[in-house]
Amino acid sequence: MTSLFNTIQNYKPLSQQEEYDKEQMLQFMRCNKNCLERENQIAHFTASMWTVNAERTKTLMVYHNLYNSWSWIGGHADGMANLCAVALKELQEETGVKYAKLVSEEIFSLETLTVDGHMKKGVWVPSHLHFNLTYLAEAEESEELTVQEEENSAVQWWSFEEALKVSTEPWMIENIYKKLIERSR
């Protein structure tokens, strides 16, 4: 976990949102040894993959059943400190993409996300925070896509403009997706 702490500590925030979120993450890590486990019901780490085509004009999204919205790809650390590997694994599992090219192992973006309480597999999951690190990958639009039915009901490429329209989460559109699109160009 020392490596993850150092990676976050060395990240240069590109906005005020990232400055605050970075400090919140580091403070939480100092005080919570189980910050990589979802058993920590206050907050835990997650990783996302912002996946774009080679021309950087489209992004790959999944229709997330829990949020009833088109969203980026990602998941829980579940004890893994290599969040870049977590993001890549989630990309493969949620979309079927096998040949994505990781643009860099460096953090592309970081953000603190709120998760409302919900039922999962018959168990109540209380409201909590996701300390999320985002990475950037390129993939071929021609690669066969598959749906991970347990969490998603569709996978599709969208132009950046379309992606902002198909998401039904205003906070994500304004604070995350617009930021990622701008950085992708």
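Quick note: the coordinates plus some simple rules give every number you see, no bench work behind them. These numbers come from a predicted model, not from an experiment. Because the Cβ atoms are built from the backbone with ideal geometry, glycine has one as well, and the counts that use them run over all protein chains shown.
Selection among Tyr177, Gly79, Val97 by position relative to the dipole of the chain gives Gly79 as farthest towards the positive end (Cβ unit charges, Cα centre).
Estimated from helical segments only, the mean residue ellipticity of the chain at 222 nm is -8500 deg cm²/dmol, where each DSSP H run of four or more residues counts as -39500 (n - 2.57). If you sort the three axes of the alpha carbon gyration tensor as a ≥ b ≥ c, you get a/c of 1.5 or more for the range 96-158 and a/b no higher than b/c, which makes it oblate. Counting other C-beta atoms within 10 Å, and keeping those with at most 10, which DSSP coil chymotrypsin sites (Phe, Trp or Tyr not before Pro) do you find in the range 63-105? In loop regions of the range 63-105 (DSSP not H, G, I, E or B), the sparsely surrounded chymotrypsin sites (Phe, Trp or Tyr not before Pro) are Tyr99.
The phi torsions of the range 147-156, fed into the Karplus equation with coefficients 6.51, -1.76 and 1.60 and a -60° offset, translate into couplings of 9, 8, 4, 5, 10, 10, 10, 6, 9, 7 Hz, rounded to whole numbers, with Gly and Pro shown as x. Projecting the Cα atoms of Asn40, Leu26, Leu110 onto the dipole axis of the chain, where Lys and Arg carry +1 and Asp and Glu carry -1 at the beta carbon, places Leu26 farthest toward the positive end.
Amide H contacts of Asn152: Asn65, each under 5 Å away and 5 or more positions distant or on a separate chain (H built 1.01 Å from N in the peptide plane; Pro and chain starts excluded). Annotation: amide H-H contacts under 5 Å for Tyr135 (H modelled 1.01 Å from N, sequence separation of 5 or more, or interchain): Ser48, Met49, Trp50, Phe108.
Protection proxy ranking, highest mean first, for peptides 88-95, 106-113: 88-95, 106-113, where packing is the per-residue count of other beta-carbon atoms within 10 Å, averaged. Among the listed values (i) 17.7; (ii) 16.6; (iii) 19.1, the one computed from these coordinates for Kirkwood radius over Cα pairs in Å is (ii).
In this simple spin-label approximation, Val147 and Glu19 carry label points 7 Å from Cα along the Cα→Cβ vector, and these lie 4.4 nm apart. Rounded to the nearest Hz, the phi-derived 3J(HN,Hα) couplings of the range 112-117 under the Karplus curve 6.51 cos²θ - 1.76 cosθ + 1.60 (θ = phi - 60°) are 9, 10, 8, 10, 6, x, where x marks glycine and proline.
Computed from backbone phi with θ = phi - 60° and the Karplus coefficients 6.51, -1.76 and 1.60, the 3J(HN,Hα) list for the range 7-23 is 4, 5, 4, 7, 5, 9, x, 9, 7, 5, 4, 5, 4, 5, 5, 4, 5 Hz; x is used for glycine and proline. With the cut-off at 25 Å, tell me which of the pairs Lys12/Lys120; Lys89/Lys179; Lys22/Lys121; Lys33/Lys101; Lys33/Lys98 have Cα atoms farther apart than that. Beyond 25 Å: Lys12/Lys120; Lys22/Lys121; Lys33/Lys101; Lys33/Lys98.
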